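Asks: Quick one: structure below, then a few questions.
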Amino acid sequence: MGSREERHRHHHDLVPLAALISRELKNEKMERPTVRYGSAAQSRKGEDYFFMKTDCQRVPGNPSTFFSVFGIFDGHNGSAAAIFSRDHLLNYVLDAIPRGLGRDEWLHALPRALVAGFVKTDKEFQSKGKTSGTTATFVIVDGWTVTVASVGDSRCILDAQGGGVSVLTVDHRLEENAEERERVTASGGEVGRLSIFGGTEVGPLRCWPGGLCLSRSIGDMDVGEFIVPIPYVKQVKLSSTGGRLIIASDGIWDALSSEMAAKSCRGLPADLASQLVVKEALRTRGLKDDTTCIVVDIIPPDNRVPPPPTPKKYTKLKALLFRKKSYGSANKLSMKLASVGIVEELFEEGSAMLAERLDSFGDSHSIPRMTRTCVDWEMMTPVVKRAAFLSVQFARLILHLTKESQFMLVPYSL
């Protein structure tokens, strides 16, 4: 046993537990990036709504667990679905995450919770009997990890520091997405253009019945069961150099390519950048639709300025990023990006073939099915069909979640 002086010196080398916790929280805070954001919009129909909240907490009362949420909701056939989604989607997502998880577990549970939240939002809105619908692009930023869930055609892009532009969403326009056309037709839906006098087909491809141009949305209870609320979800981890997110409705993307939007605002702070993107879209195409843009800068804590312009000489990477891709090739792109240190892909799921996908995880006989022995499907109205379809899909989703995760999720009452 040491002398009194040695014991005294050893005692002073110890750090109180409270100080250790405080130091860890301080270090975590210092290591987290700074998030700067801005928004801009021009209205034509008044159906675009957006959401920005930067003071969310994984653990209520603990500021070290904060995360940020950004969302754009482009309504159609009225604004009710967009407003409802803006007001309720985040709560439904958070309700689907078990309590008491650490950060890594929370991030791991987040993609599936987003799927559950989208389905819950759709189901609750349809119970109100309103027929409007909306796109939804929902972005959660926790540290360097970015998780994006989307239905419809409101895009989110990442302008990574030194890595060019990549798209974190998938366009669910039937005109642009061959896989979604195949899904709809395989499910019994019809895809075609609007026919006018004489049989001439005009306009974009639509899903019938209903005539919606999108294959996925929230709401739209009058368009049949083929339009689903299952989002495409992608989760990535940025490098410590950070990057810029541009989230916008189709009023932007019908006028500007992803590269044009990113290039037009490089070097500007987020608030001015969002304004310039909207201005550039209006200059290019005019105000033909609601036009909304959110810019989010994720930057190192010791760097308060936006990332500088990306070097022009990145021909090979540019060719890799901007050619058209299916879901499969999108996955290859993510691996390419990860290999050069731009982002690390943590999760990607884009399939809307929910019944087939979930059947592979368990006994198909344990999953409820709609059969003519229990209901006359052909006699159902489109509204009733869709409600029944979504109830079954939601039940399958919950079964999949509880089998896939070590955490038991409490299913919503159907």
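Asks: Hey, can you tell me all the residues within the stretch 33-59 that are among the basic types (K, R) and not in a strand (DSSP E or B)? Let's see the steps before the verdict.
Replies: If we filter the stretch 33-59 for residues that are among the basic types (K, R), which is where we start, we get 36, 44-45, 53, 58.
R44, K45, R58 - these are the residues of the stretch 33-59 that are among the basic types (K, R) and not in a strand (DSSP E or B).
Asks: Continuing with this model, one more query. Just name the residue that is farthest from the chain's Cα centre (by Cα) out of those in the stretch 59-71 that are touching a residue at least 12 places away in the same chain (Cβ under 8 Å) and more than 16 Å from P229 (Cβ to Cβ).
Replies: Initial filter on the stretch 59-71 (touching a residue at least 12 places away in the same chain (Cβ under 8 Å)): 64-71.
Filter once more, so that each one left must be more than 16 Å from P229 (Cβ to Cβ): 64-70.
Working: S64: 24, T65: 21, F66: 19, F67: 15, S68: 13, V69: 10, F70: 9 Å.
Here the residue is S64.
Asks: List the pairs whose first member sits in the stretch 342-358 and is more than 14 Å from P229 (Cα to Cα), whose second member is at pLDDT below 80 and among the hydrophobic types (A, V, I, L, M, F, W, C), and whose Cβ atoms are under 6 Å apart, counting only residues at least 6 apart or on separate chains?
Replies: Going by the 6 Å Cβ cut-off, the qualifying pairs are V343/L337; E344/A338; E345/A338.
Asks: Tell me, yes or no, whether the stretch 126-147 has at least one residue that is in a helix (DSSP H, G or I) and either in contact with a Phe, Trp or Tyr (Cβ under 6 Å, 6 or more places away or on another chain) or on the phi < 0 side of the Ramachandran plot (or both).
Replies: Scanning the stretch 126-147, I find at least one residue that is in a helix (DSSP H, G or I) and either in contact with a Phe, Trp or Tyr (Cβ under 6 Å, 6 or more places away or on another chain) or on the phi < 0 side of the Ramachandran plot (or both), so the answer is yes.
Asks: Separate question: Which condition does T135 not pass, out of (1) within 14 Å of the chain's Cα centre (by Cα); (2) surrounded by fewer than 23 Cβ atoms within 10 Å (Cβ to Cβ), if it passes all the others?
Replies: Only one criterion in (1) within 14 Å of the chain's Cα centre (by Cα); (2) surrounded by fewer than 23 Cβ atoms within 10 Å (Cβ to Cβ) is unmet by T135, namely (2).
Residue-by-condition table, conditions (1) surrounded by fewer than 20 Cβ atoms within 10 Å (Cβ to Cβ); (2) in contact with a strand residue (DSSP E or B) (Cβ under 9 Å, 6 or more places away or on another chain); (3) modelled with pLDDT of 95 or more; (4) part of a loop (DSSP other than H, G, I, E, B):
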| position | (1), (2), (3), (4) |
| --- | --- |
| G61 | yes, no, no, yes |
| A81 | no, yes, yes, no |
| S85 | no, yes, yes, no |
| H88 | yes, no, yes, no |
| G100 | yes, no, no, yes |
| H108 | yes, yes, yes, no |
| V115 | no, yes, yes, no |
| F118 | no, yes, yes, no |
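Asks: Conditions first: (1) surrounded by 19 or more Cβ atoms within 10 Å (Cβ to Cβ); (2) under 18 Å from H76 (Cβ atoms). P204 passes all but one, so which condition is the exception?
Replies: (1)
Asks: When the stretch 63-79 is examined, which residues are found to be buried (at least 22 other Cβ atoms within 10 Å of the Cβ) and among the small types (G, A, S)? Break it down stepwise before answering.
Replies: Of all residues in the stretch 63-79, those buried (at least 22 other Cβ atoms within 10 Å of the Cβ) come to 67, 70-75.
Once the filter is applied, which keeps residues that are buried (at least 22 other Cβ atoms within 10 Å of the Cβ) and among the small types (G, A, S), the stretch 63-79 yields G71, G75.
The values are calculated or read from the model by the stated rules, or taken from the named source; none is laboratory data. Every value quoted in this text rests on a predicted model; they were computed, and no experiment measured them. Every residue, glycine among them, receives a Cβ derived from its backbone with ideal geometry; neighbour counts consider all protein chains shown.
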